[in-house]
Amino acid sequence: MNRFIQKVLYISIITLITQFIVGNVLHEKRNKLVEEVYFPVKRWKEFYAHPKKSVGMIFLGSSHCYRSLVPSVFDSVLNVNSFNLGSSSQSISTSYYVLREALKFQSPKTVVLEIFQGTITNGNTYIDVMHNFSQMQSNVKYAMLQTVSLNEALSLAAFPLKRVAINKDQILLNKKVLPDTTRAQYSIYYDKGYVATFSKNIFQFAEQEIEPNAPFSINDLQLEYLHKINQLCLDNQIKLIAVTQPLHPAYWKNHPEKEIYDEISNTLNELSIPYYNLNHTHPLPAEFFYDAGHILHQGAILFSRDVANLLEQNQ
Amino acid sequence: MLFNSFEFALFLPIVFFLYWFVLKNNTKNQNLLLLISSYVFYGWWDWRFLSLIAFSSVVDYTVGLKLHKTPQKKKRKVLLLVSIITNLGLLGFFKYYNFFVESFVDGVSLFGFHPSPNTLNIILPVGISFYTFQTLSYTIDIYNRNLKPTKDALSFFAFVSFFPQLVAGPIERASNLLPQFVKKRRFTYEHAANGMRLILWGLFKKMVIADNAAILVNEIFADYETQSTLVLFAGAFYFALQIYGDFSGYSDIARGTAKLFGFELMINFRVPYFSRDIAEFWRRWHISLSTWFRDYLYIPLGGSRGTKWMVIRNTMIIFVVSGFWHGANWTFIVWGALNGLYFLPLLLTKRNRHNLDTVAQNRWLPNLKEIMQMSITFFVTCLVWVFFRAENIDHAIRYLGKMTTNQLMPDNFYFFPPSLILLIGLFILLEWFIFRHDNALERIKTAPIAIRHFAYIAFVLIILFFTPSVAQDFIYFQF
């Protein structure tokens, strides 16, 4: 019996140590790839380098935010100093902690929250932890524990190899590869958090990126944090505005657009948050899309101009 | 509680510690611990359904004792019927009620009647098909005087609910498992180490092979209309791997876990995809269920004795019922019937027991004839699996139809990720070179210590790294 337990413990300890070393080495490697594609380090570094209380407008949201809302366009139209703190798969709950961190350094008058059904219908994932919180100077552990389940947090802490293998299915199956090094060739970090996307997806997988027909409802955690963001903005006298980026018509093949955005719109109405769904009002032609969900730099300029004009008109 | 969950990773060592360290000298207390642990394990999913297991156990324990004391044939039959009606009644209600109602409505609507169906929102209790069959075999064996009932209620209750095999088998016979509860269990290093190896191998099959294949299978079956022939064949191939990895993986973990507590469960899979004909396949696939149906249905029906028509009838019944056991859907019935049709020619030409040995006896590699036989058997099995996986018959027929009418080659190799193909290749190679052993890791137990430990660690790392982020339920939980 003792021999068995000793052996199991011995092999478990060696395995833990091995996976810890391998995991951390690979994690570092992965972080480099993440930076090549999503630029979290550059974004936060630039943000922290801004003089205190100099940023008047902050954008929060997913890749539909940091690849679509161009600060320089807003700066010229609205005469503000804006900054894009969007990040990959950033959910509303993540946006809340990003905003809290941002408010420690800046006092924006306006926050533009990008709303995408893909991030408002799901709970948080490892990706949030990886791409969003990892570069924040403070609150990281607190934010993680608040938004990621204890199981996930423990699992991440104990098994760095699991951290590397985030979206392992995608890594293994070689699709929607995160980090997508092919996309890296077409992504350029401009400034103020914005990443420009060039050229079309060479694999033409636009339609395959669409998840089929999941029944739509706003995730409870995200709804709770939408209220929290609203309250945080009210407490700090910040104007909160919600926007939705136009999506490729192929995207709607499997998604009941009206049902989705009616529910989002009703929820935002209840909270008196102005909402601009540019899918309805300012759709973009197919040539402005990188894939079904993301727009190219030229599309981003148009979209940003449209949003900036709407904000100007409704000031 | 899932075997591949954080909860189980805590639960197992706690039960193991209490079992061997706190209660080591008291078999009764160990059984009590196993019973409580099994109820916790099952109740973790939904505690309300514990009452079903308890009820089923009470009925069969009582019927078993009464059967033993009752000499009159008629009374014995009534007692047997009580057990059969109770167990199949529970199974029928929870698993098949809605299916029967809907099928009845569909059937009469063909004649112009349109009754409004009165279906119920019934939750299928996990593992009900497994434990009801297990308790049923106990009563039938006593009725046939092949087994004496136990007076030890605790052992019997622990036997019915034994957590390693409670929810997805193997379906154990009382004659094998029940005596193990009565006698004192001894811990042996070799036995426990084998258990750990089985658990590790089972986790690899489930979490790396089955769960990754599942992602591709789901996508291909959901969007089959537009896929090329090659991708549709790949979908059927991946599903064959998924269901094998999933179910045999579960059986391995169950057997390994049982070994840790000094129990020996039956082998449920013997590398079925290396079978040379469908008869051999069914001797190697889900052995505990196949032998259950053989002993309690096929043989009582007359088996292969009698006229040709009787043999055909008996064979088709056993395959159709076996298909229906898997789920309340016509797809499973068709799947069973197709296997029966595939099996019949062998039976009728008396070639069903040609391949009783293992392929490539005393050789490393199969010969050309064996390769052909295995390829054809596997190919047909994959095609038939389409019915098992499809949502409904129409879906399956359309899927198979598209296999021949869509364009041959895909526009890209999206569904052929090199890393997964490599892992599958490695898995098949390991399966081939170990298939005369219990599991892949058993093969290396005599290797030098450094190689052994390296292999164990490598397997854990592979599992950690390649397990998909969204855990998939074990397929056989729904049966």
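By counting other Cβ atoms within 10 Å of each Cβ, how are B:R185, B:R145 ranked from fewest to most?
Placing the least packed residue first, the sequence is B:R145, B:R185.
Given R₀ = 41 Å, FRET efficiency for B:K308-B:F413 by Cβ-Cβ distance, to 0.05?
0.25
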Fewest-first ranking of B:W385, B:W432, using other Cβ atoms within 10 Å as the exposure measure: B:W432, B:W385
Distance between modelled label sites at B:L10 and B:K74, nm, 7 Å Cα→Cβ extension: 5.8
Using a Förster distance of 30 Å, the FRET efficiency for B:I376-B:D106 (Cβ separation, nearest 0.05): 0.25
P(r) histogram, all alpha-carbon pairs of the protein assembly as shown included - 20 Å bins from 0, percent: 14, 41, 33, 12, 1
Bins of 5 Å from zero: percent of alpha-carbon pairs in the stretch B:6-176: 1, 8, 15, 17, 16, 13, 10, 8, 5, 3, 2, 1, 0, 0
Average partner coverage of A:3-13, which counts Cβ from other chains inside 10 Å: 4
Given chain B, longest segment not containing exposed loop GluC sites (Glu not before Pro) (DSSP; at most 15 other Cβ within 10 Å): B:1-263
Computed [θ] at 222 nm, deg cm²/dmol, chain B (DSSP H ≥ 4; -39,500 (n - 2.57); rounded to nearest 500): -20500 deg cm²/dmol
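State the extension gain, in nm to one decimal, for the chain segment bounded by A:K32 and A:E259, taking 0.36 nm per residue of separation less the distance between their alpha-carbons.
77.8 nm
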Label point distance in nm, A:S54-B:R363, each placed 7 Å from Cα along Cα→Cβ: 7.8
Separation of alpha-carbon centers, the stretch B:280-299 and the stretch B:336-366, rounded to whole Å: 14
Eligible lysines near B:K148 by straight Cα distance, threshold 27 Å, same-chain separation 8 or greater: B:K28, B:K66, B:K69, B:K73, B:K74, B:K75, B:K77, B:K183, B:K184, B:K259
B:L297-B:L18 pseudo-label distance in nm [points 7 Å out on the Cα-to-Cβ vector]: 3.7
Anisotropy class of the stretch B:99-232 from Cα gyration tensor, a/c 1.5 cut: oblate
Which listed pairs, of A:K53/A:K228; A:K45/A:K192; A:K45/A:K109, have C-alpha distances above 19 Å, in listed order: A:K53/A:K228; A:K45/A:K109
Ranked list, fewest to most other Cβ atoms within 10 Å of each Cβ, for A:S62, B:S275: B:S275, A:S62
Efficiency of FRET between A:S76 and B:A222 - r from beta-carbon atoms, R0 41 angstrom, step 0.05: 0.35
DSSP-defined antiparallel bridges as percent of all bridges, the protein assembly as shown, nearest 5: 20
10 Å Cβ neighbours from other chains, averaged over peptide B:178-187: 0
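Please state the charge dipole magnitude for the protein assembly as shown, taken about the Cα centre, from unit charges on C-beta atoms (+1 on K and R, -1 on D and E), reported in debye and rounded to the nearest 20.
Value, rounded to 20: 4160 debye.
Quick note: the coordinates plus some simple rules give every number you see, no bench work behind them. This one's a predicted model, so the numbers in the text were calculated from it and none came from an experiment. Using ideal geometry, Cβ is built from the backbone for each residue, glycine included, and neighbour counts are taken over all protein chains shown.
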